[in-house]
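Structure, as structure tokens:
The values are calculated or read from the model by the stated rules, or taken from the named source; none is laboratory data. No experiment lies behind these values; they were computed from the predicted model shown. Glycine also receives a Cβ, built like all others from the backbone with ideal geometry; neighbour counts cover every protein chain displayed.
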Amino acid sequence: MMLELPKDLVEEILSRLSATTLKRLQSTCKQWNDIINDREFAGKHFSKAAKQHLVVMMKNFNVHLVSVNVDEIHNDIDPSIKDIGELSLNKPYQVYINGMVHCNGLLLCITKGYTPMVWNPCTGKINWVVEPSRAYDVYDKFAFGYEYKKSCYNFKILRIQYVCGRKTHTYTTHGKEIYDFNSSSWRTLNVTRIWPLISRVVSLKGNAYWFTYEYKEGVRNSSLLSFDFSKEIFGNICVPFQFNGDYLVELSVIRENKLAVLLQRWALEIEIWVTDNIEPNGNGVSWNHFLAVDLGVTIPPISDVFSYAMSFFIDEDNKVGLIWDNNNGVRVHIAGEDYYREIVVGEKGICLPLMCCYIPSLLQI
């Protein structure tokens, strides 16, 4: 006879297992299935369970899981980056994904028709977004985050509509909207003008961050912008370096608690900075210098700067940056202060970003 444990004790035990393990255990019994599919338990599980830090890559308009191993590179053992396989959408869904933003195990996916949807690859659940009053457009930019209130996640999408001038080829803001999944509706956001993006949008602790630029007296100036999904306000974040709009900058989220910035000057010099602390209003932000590398002196030397399709993440333990780029095929540049390797992982593609870090979760919209 099987011993029946109190539900509270079962929840406590299950909340300490990984999300992927729980999905495999879901069919064990009805009680476990009910607990694992419970929205309140999913939130409790995400805050308590050990996180699995994985990597996903865009390939042929699909999302692929990738294994990355650089643990022995300083012992003269080559790094390993392998495509494990496609993360398939549940039938009958078959869409082509053109871009994505990760937040707490959920992927905001932008389809080839510029329509956003939210997908949890771990549970397979998909949430489509209600059509806005103004149709989606190729110039639309999206951010993804949440308001955390009374132990519940209220996920939201920020849509910034841009118009590209045919003669000047410059972008101006046409409108800003918020989609609230609790109400399944769009509403206009009345804020000041937002300048065009020059980096990918990332989500950290429910808030969004990206680099933008504006022209002042003919000079292109860049800044790091944030959006607080709880207060629905924008903020400016101080960065620890001086740069202009001609430099390449990119953002990455490290283990869901730090923001990393990569700066590349045209001389093939890259710097990576990582936050110790960051708030969307910019107060109390502090940065640590993580890495500085001159790729012009690597063997073999790199002759081209990275493209604007570039994305990256860092391995803090091995003190290297892994930079994914789209020049002459999808390549991963693994760079440290005294280390450099290059690995080809696929053919040239047009999906952005090329990769992002991913944490499986049971969270629901």
(Q) The conditions are (1) outside any loop (DSSP other than H, G, I, E, B); (2) farther than 25 Å from Val330 by Cα; (3) modelled with pLDDT of 85 or more, and Asp83 fails exactly one of them. Which is it? (A) (2)
Q: Go through region 233-292 and give me each residue that's small (Gly, Ala, Ser) and part of a strand (DSSP E or B).
A: Gly235, Ser252, Ala260, Ser286, Ala292
Q: Return yes when Ile157 is in the same structural domain as Phe313 (by TED's automatic domain parsing), modelled with pLDDT of 95 or more, at negative phi and surrounded by 17 or more Cβ atoms within 10 Å (Cβ to Cβ) and no when it is not.
A: yes
(Q) Pull out all pairs, ordered by first then second residue, where Cβ-Cβ is under 8 Å, the residues are six or more apart or on different chains, the first lies in region 306-317 and is outside any loop (DSSP other than H, G, I, E, B), and the second is among the aromatic types (Phe, Trp, Tyr). (A) Ser311/Trp324; Phe312/Trp324; Ile314/Phe290
Q: Could you check, for region 260-268, whether at least one of its residues is under 17 Å from the mean Cα position of the chain (by Cα), assigned by TED's automatic domain parsing to the domain that holds Tyr308 and more than 17 Å from Ile198 (Cβ to Cβ)?
A: no
Q) Any idea how many residues of region 2-33 are out of contact with any Phe, Trp or Tyr (no Cβ under 9 Å at 6 or more places or on another chain) and assigned to a helix (DSSP H, G or I)? A) 13
Q: Could you tell me which residue of region 112-154 is surrounded by the most Cβ atoms within 10 Å (Cβ to Cβ), considering only residues that are assigned to a loop (DSSP other than H, G, I, E, B) and of a type in the set (D, E, K, R)?
A: Asp140
**Q.** Hits in region 192-216 - residues which are out of contact with any Pro (no Cβ under 8 Å at 6 or more places or on another chain), at pLDDT 85 or above and not in a strand (DSSP E or B)
**A.** Ser199, Val201, Lys205, Gly206
Q | Asp8 free of Cβ contacts under 8 Å to residues at least 24 places away in the same chain and of a type outside the set (A, V, I, L, M) | A | yes
Q: Check whether at least one residue in region 88-102 is surrounded by 13 or more Cβ atoms within 10 Å (Cβ to Cβ), without any contact (Cβ under 8 Å) to a residue 24 or more places away in the chain and small (Gly, Ala, Ser), and report yes or no.
A: no
Q) Does Cys109 satisfy the condition of being surrounded by 20 or more Cβ atoms within 10 Å (Cβ to Cβ), in contact (Cβ under 8 Å) with a residue 12 or more places away in the chain, in a loop (DSSP other than H, G, I, E, B) and within 19 Å of the chain's Cα centre (by Cα)? A) no
Q | Candidate set: region 227-284, residues that are of a type in the set (Lys, Arg) and within 19 Å of Asp315 (Cβ to Cβ); chosen: the one surrounded by the fewest Cβ atoms within 10 Å (Cβ to Cβ) | A | Arg255
Q | Matching residues in region 97-106 - criterion: being not in a strand (DSSP E or B) and not small (Gly, Ala, Ser) | A | Asn104
